[in-house]
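The values are calculated or read from the model by the stated rules, or taken from the named source; none is laboratory data. Quick caveat, the model's predicted, so the values are computed rather than measured. Because the Cβ atoms are built from the backbone with ideal geometry, glycine has one as well, and the counts that use them run over all protein chains shown. Areas reflect the complete protein model, heavy atoms only, side chains present, ligands, DNA and RNA absent. Shrake-Rupley method; radii C 1.70, N 1.55, O 1.52, S 1.80 Å.
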Amino acid sequence: MPTLEMWAWQGSAACRGMDSSVFFAPPDERSEARQGRVEAARRVCARCPVRDACADFALRTQETHGVWGGLTERERAPRRR
Ligand code: SF4
């Protein structure tokens, strides 16, 4: 079961209150659009004080969608195995 501690880091997230579409791809996203969206997400993550906690959370929970801690789903995939 998720606990409050598990999510506490999100209170300091640089993306807090932002439109989540920067971090999560729409179903029909084209390659160029994906590249621009991911770069925009990475810029936010680069200045985020909880980046490591975010990436760690995504890896531990085997999150399969979105940019977490500056890492795309493709970049996290090898670390999940
Ligand atoms: S690392 Fe990126 S996705 Fe994670 S909380 Fe920070 S800004 Fe949001």
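Which residue, A14, A41, A33, has the most motion in a Gaussian network model of the chain that connects Cα atoms within less than 10 Å?
Result: A33 has the largest fluctuation of those listed.
Report Rg/Rh for the chain, rounded to two decimals, where Rg is the Cα radius of gyration and Rh the Kirkwood radius.
Working: Rg = 12.6 Å, Rh = 13.1 Å.
Taking Rh as the inverse mean 1/r over Cα pairs, Rg/Rh reads 0.96.
Rounded to the nearest 0.05, what FRET efficiency is calculated for A77 and R43 with R0 set to 25 Å and r the Cβ-Cβ distance?
Calculated value: 0.65.
Quantify, in whole percent, the carbon and sulfur part of the accessible surface of the chain (1.4 Å probe; protein heavy atoms only).
Details: 2900 of 5630 Å².
Heavy-atom surface of the chain belonging to carbon and sulfur, 1.4 Å probe: 52 percent.
Counting only other residues whose beta carbon sits under 13 Å from that of M18, what net charge do I get with K and R as +1, D and E as -1?
Values: positive: R16, R37, R43, R47; negative: D19.
With Lys, Arg at +1 and Asp, Glu at -1, the net is +3.
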